[in-house]
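Read through the structure below, which is laid out as structure tokens, and then see the notes.
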Amino acid sequence: MTNFASPELFAAAAKTNLESAVTLANTSFARVERLSALNLNTARAALEDSIAATKTLLAVKDPQELVKLQAELAKPMQEKAVAYGRSVYALVSEGQQEFVKFFEAQVADLNSKFLAALDQAAKSAPAGSEAAFAAIKQGVAAANSAYDNVSRAAKQAVEAAEANAIATTDSAVKSVRTRKAA
């Protein structure tokens, strides 16, 4: 019987897979908890702001004051909406980064186990098969290099998109503020 059919190896693999699933579930639940708390806090604040705004609007006696007050009340709502969007974006971005790190660690672990198994197989392989094993290792190294390059490029693209999204949002907020002030 070879090492590949060992019940201990299957049990270890099952345990590792279970631990990975638990880690992903815990990470997901943490994100859902944070998003739920954000949504509840935002809803509570919006309700409180609406009540306060309604009371203020009901106390107005002059139509011109009403128009002015409506414009003043809209500004904080827009800023809070932008802040909420940024908070949601930050949560999603953090979660995505955690998942990427997790999967990168899983891929690295899988690669090291594969290469260890390949080395073990090479030791018991017939003479003359060294070239085949070297070619396989070279192929794995090339695939890993290509994956690293694509991953790095994707990360740079995401960072550039994030920077553009932040700049665009800031520009839009400033534009709204400028129009309201005028």
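Coordinate-derived values only; no laboratory data. All figures in this text were calculated on a predicted structure; none of them were measured in a lab. Glycine also receives a Cβ, built like all others from the backbone with ideal geometry; neighbour counts cover every protein chain displayed.
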Scaled to the compact-protein estimate 2.2 N^0.38 Å, what is the alpha-carbon radius of gyration of the stretch 3-181, rounded to two decimal places? 1.77
Net charge (Lys, Arg +1; Asp, Glu -1) of residues whose beta-carbon lies under 15 Å from that of Ala125, Ala125 excluded, is 0
For the residue pair Ala121 and Glu33, what label-to-label distance in nm results when each label sits 7 Å from Cα along the Cα-to-beta-carbon direction? 4.3 nm
Lys pairs, the chain - Cα-Cα below 19 angstrom, 8 or more residues apart or on other chains: 13
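Mean separation of Cα pairs under 8 Å and 6+ residues apart, divided by the residue count of the chain: what relative contact order is that in percent? If you can, show how the numbers build up before the last one.
Working: 27 pairs, mean separation 48.9, N = 182.
Averaging sequence separation for qualifying contacts and normalising by length gives 27 percent for the chain.
What does the charge count around Gln106 come to, taking other residues whose C-beta lies under 13 Å from its C-beta (Lys +1, Arg +1, Asp -1, Glu -1)?
Local net charge: -2.
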Compute the distribution of all C-alpha to C-alpha distances in the stretch 51-108, in bins of 10 Å from 0, and list the percent of pairs in each, rounded to whole numbers. 19, 26, 17, 14, 11, 8, 3
Quantify how much of the Cα-Cα distance distribution of the stretch 1-96 extends past 18 Å, in percent. 67 percent
